[in-house]
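First comes the structure, then the notes that go with it.
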Amino acid sequence: MNHMSTIPTDRPADDWAQRKVASLIANIETVFFGKHDVVKQCVAALLARGHLLIEDVPGIGKTTLAQGLARSLDCSFTRIQFTSDMLPADILGVSILNPHTNDFEFREGPIFANIVLADEVNRTPPKTQSALLEAMSEYHISVEGKPHPLPRPFMVLATQNPIEYEGTYSLPEAQLDRFILRVAIGYPGTEDEMRIIRRHDSNASIEAMKPVLTAAEVLQLQNCAGAIHVDDSIAHYILSIVHATRNHDEIQLGASPRGSLAFYEACQARALVEGRDFVTPGDIKAMAAPVLSHRILVKSRGGSPATSAVERARIISDIVKSIPVPV
């Protein structure tokens, strides 16, 4: 159905916010070339207070993108290289007996940082993957029954190879649902790949990056994103797309209400990235696949589950095309 309303067309976002977002994008693009839309999606995930899953084939630049975002922020940053023998305590921390006091003292693990790069997160078994679940959803962890709050802002940047690759484990649906966006990078164009091979030392370029946003500024921008106007017709448009995933012939499990909220907040953040203080149907179309494709479970075909990201994104695209755009 069409939802009649008047969508504003002349309200730019706050000038300070525009400048800060533009400087963040430009800083990331000093080390990550030729994928402007992907960079904007990553920034939108940050502004929406969400976590980001970057999935693509090895060697495509997933870690470079994640490090570029992390090092552009004057925040604490840790990198966790996930392996098959990693334990939950390696991520969360552990209580150690102090021989002087005879008391157990908690030693914080690498999860205690503003930005956590979980590199190749699907190379570790599900038990260890689940150690991230409470942190991502509750912004604290519990060890031996005691809660330990995490710093703010807090964001997990996870990279993973496609599930078809040897030595990988699929992420549980409950954990996938905690990522506000899943992005794929894709191969670079010829000119951008030439820049990549001409660059003498990519690690040195990343190490030389200077932060352009403080933690306080990130929190302020997140508040700005949360204040972006969403017309009633746009909110109905979001819900129509989400509800369609629950009644689709090819989908076994549709997006949850958490998915609806993530979709709403991601569109607000994208509007801010685009320099507006209101959400348009274009924001909805742009964010539908990144927000929803990893939240649906596709019915199997011929006994083989249709799990590929391309297939899920295609289904979401078809759904978006089938829903009337608000006028």
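Where a number appears in this text, it was derived from the coordinates with a stated rule and is not lab data. No experiment lies behind these values; they were computed from the predicted model shown.
Grab the DSSP H runs of the chain that are 4 residues or longer, score each as -39,500 (n - 2.57), total them, divide by all residues and round the 222 nm result to the nearest 500 deg cm²/dmol. Mind dumping the intermediate values first?
Working: 14 runs with 140 residues, N = 327.
Result for the chain: -12500 deg cm²/dmol, rounded to the nearest 500.
Take the residue pairs LYS20/LYS62; LYS35/LYS62; LYS35/LYS285 and return only those whose Cα atoms are more than 20 Å apart.
Values: LYS20/LYS62 24 Å; LYS35/LYS62 12 Å; LYS35/LYS285 18 Å.
Violating the 20 Å limit, Cα to Cα: LYS20/LYS62.
Mind checking the alpha-carbon convex hull of the stretch 114-163 and giving the volume per residue in Å³? All intermediate terms of the calculation are to be shown ahead of the outcome.
Working: hull volume 3.8 nm³, N = 50.
It comes to 76 Å³ per residue, whole-number rounded.
Across 5 Å bins from 0, what is the distribution of all Cα-Cα pair distances for the stretch 24-97, in whole percents?
3, 13, 22, 22, 17, 11, 8, 4, 1, 1, 0
Could you check which residue among ALA113, ALA48, ALA26 shows the biggest mean-square fluctuation in a GNM of the chain with a 10 Å Cα cutoff?
Looking only at ALA113, ALA48, ALA26, the largest GNM fluctuation is found for ALA26.
Comparing GLY259, GLY50, GLY59, which has the greatest mean-square fluctuation in the GNM of the chain with Cα pairs linked when under 10 Å apart?
GLY59
Before anything else, pin down the relative contact order of the chain: Cα pairs under 8 Å, at least 6 apart, normalised by residue count, whole percent.
In percent, rounded to a whole number, it is 25.
Taking the alpha-carbon centroid of each part, what is the distance from the stretch 35-71 to the stretch 241-269 in angstrom?
Between the Cα centres of the stretch 35-71 and the stretch 241-269 lies a distance of 22 Å.
Taking θ as phi - 60°, what are the ³J(HN,Hα) couplings along the stretch 256-262 by the Karplus curve (6.51, -1.76, 1.60), each to the nearest whole Hz, with x for Gly and Pro?
With coefficients 6.51, -1.76 and 1.60, one gets 8, x, 4, x, 4, 5, 4 Hz.
Could you work out how far the C-alpha centroid of the stretch 174-215 sits from that of the stretch 89-120, in angstrom?
Each part reduced to its Cα centre gives a spacing of 29 Å.
Below 8 Å, C-alpha to C-alpha, sequence gap of six or more: please give me the relative contact order for the stretch 140-258 in percent.
Values: 31 pairs, mean separation 19.7, N = 119.
Dividing the mean separation by the residue count of the stretch 140-258 yields 17 percent.
Which whole-number percent of Cα pairs in the stretch 165-299 have a distance greater than 23 Å?
Cα-Cα pairs in the stretch 165-299 separated by more than 23 Å: 52 percent.
Would you mind telling me the antiparallel percentage of the DSSP bridges in the chain, rounded to 5? Kindly include the intermediate steps, with their values, before the conclusion.
Working: 14 of 34 bridges.
Taking every DSSP beta bridge within the chain, about 40 percent pair in antiparallel fashion.
Take the Cα atoms of the stretch 15-322, find their three principal axes, and give me the spread along each one in whole Å, biggest first.
Result, largest extent first: 67, 47, 41 Å.
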